[in-house]
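A quick write-up on the structure given underneath.
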Amino acid sequence: MSDDTIYALSSGRPPAAIAVVRVSGPAVARVATRLSGALPSPRRATLRTLRDDAGQALDRALVMFFPGPGSATGEDLLELHLHGGRAVVAAVETALGHMPGLRRAEPGEFTRRALSNGRIDLAQAEGLADLLEAETDAQRRNALALSDGVLSQRADRWMTALSDAAAMVEAAIDYDGEDEVGQVDMDRTTAIVDRVQADMQSLLDQPSTERLRDGLVVVLAGPRNAGKSSLFNALVEREAAIVTSIAGTTRDALEAQVVRAGVPFRLVDTAGLVEETDDPVERIGIARARGLIGEADILLWLGSVTDAPAGAWLIAAKADLCTGPGMPTSIHQPESVAALWSRLVEHGSSMLSAGDDLSLSQRQRDIVSHVLPLLASASAEADILIKADHLRVARKALGALTGRDATLALLDALFGRFCLGK
């Protein structure tokens, strides 16, 4: 438990109907007594008049006390539900700031204390950070599952299974190589490890949380003057790209974030592709365009069929002027742009749909990706001493998923995403 006591506004900035100020730490009982006259009964909303040290009334507020270690932070916690005016909040924060031993919380410090005091683990804290930043329903569902401990519980099951497997291996070391019981245990060990591998791989097959947040990359590509920038503007519904009849107007990639029907997309307009150009700036733009084509989740190709990269969606742009192979689209025919969006949303929804509504962050994916080959080696290894070592290393690496041995830099980066009162 920390020696100091922190406070911060936990609700949105005033003015608002209600403002919630949280106080956490060993001085909570003293703070409640000085502000409201007495410490309220645990977990009961009590209407009190808050006063500063001079006895001046600050507000009539609901005061709630949550004793540690059963509170959200794992230590004594006080919530002050105030009228949400700027002057009210400022007066209460000033009164708190004048009390000895109190200081304003750093971003994410309440949640960091919850982690330090064992109320949540690192995977749950990451889920909470994602929940605060969620902009789509898929993000919300996944973040809520993470913050509720779904990944933590799964990791615990993996750890328990691998510990059981390791115990069998250690026991088998004492058996003679011809002992049938020892061989049966090795078969059971391999089966356990294989099941854990399959479960881990099923999570890696889901889209990452970054993909849920940043969206699918949709790249518009093709030759000069194919109508890429015009279609880009129509899709984002604003004049984001410069459109002229001059060939090569777009020289660099232009991006826009769009959420359509709850599906996030990152649309990218690229420079027109040509084999040769004397313009060094255009050459750089073309090189970037080719790189983005390789990174695209969905490639909209506005060009000839023969030049289309494998897997590209053929778009017959300028469909109001001429016909051609591909999906007919024209900025002068809004229904055609709407039809393209419908197809993008349908395809995007299927790409981002997680079968068990659980996606991993890049950090979490890196850990699982590191553990998987260790388990594969353990499963295939005939030497039980080496098998035991693979399982030991795998279990140690897996512990990082829920924050065992988390570095200070990692925690600083995570909790820096939180607001002051969280």
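Since every read-out is calculated from the coordinates, none of them should be taken as a lab result. In this text, all values refer to a predicted model and were calculated from it rather than measured experimentally. Here the Cβ is made from the backbone with ideal geometry for all residues, glycine too, and neighbour counts use every protein chain on show.
Here the Karplus curve 6.51 cos²θ - 1.76 cosθ + 1.60, taken at θ = phi - 60°, turns the phi angles of the stretch 29-39 into couplings of 4, 5, 4, 4, 5, 5, 7, 10, x, 6, 6 Hz, with x standing for Gly and Pro. Taking other C-beta atoms within 10 angstrom as a stand-in for reagent exposure, THR270, THR136 fall in the order THR136, THR270, fewest first. Note on the stretch 5-114: semi-axes of the ellipsoid equivalent to its C-alpha gyration tensor, largest first and rounded to whole Å, are 19, 16, 14.
Between ALA27, ALA145, ALA129, the GNM of the chain built on Cα springs shorter than 10 angstrom shows ALA27 fluctuating the most.
Could you work out the relative contact order of the stretch 5-114? I mean the mean sequence separation of Cα pairs under 8 Å and 6+ apart, divided by the number of residues, in percent. Don't jump to the answer; show the numbers that get you there.
Working: 217 pairs, mean separation 33.9, N = 110.
The value is 31 percent.
Taking 8 Å as the Cα distance limit and 6 or more residues as the minimum spacing, I'd like the relative contact order of the chain as a percentage. Mind showing how you got there, number by number?
Numbers: 752 pairs, mean separation 71.5, N = 422.
Dividing the mean separation by the residue count of the chain yields 17 percent.
Placing R0 at 41 angstrom, the Cβ-Cβ distance between ARG392 and LEU144 gives a FRET efficiency of 0.75 after rounding to 0.05. Look at LYS396, LYS318 and count the other Cβ atoms within 10 Å of each Cβ; fewest to most, that gives LYS396, LYS318. By the beta-carbon count within 10 Å of each Cβ, the least crowded to most crowded order of MET200, MET327, fewest first, is MET327, MET200. As a test, work out the antiparallel percent of DSSP beta bridges whose residues both lie in the chain, rounded to the nearest 5. Bridges in the chain are about 65 percent antiparallel.
Counting each DSSP H run of 4 or more residues in the chain as -39500 (n - 2.57), what helix-only mean residue ellipticity at 222 nm follows after dividing by all residues, to the nearest 500 deg cm²/dmol? Each step should come with its number before you reach the end.
Numbers: 14 runs with 193 residues, N = 422.
My calculation for the chain gives -14500 deg cm²/dmol from helical runs alone.
Only Lys, Arg, Asp and Glu carry charge here, each on its Cβ (+1 for the first two, -1 for the last two); on that basis the chain has a dipole of about 2220 debye about its Cα centre.
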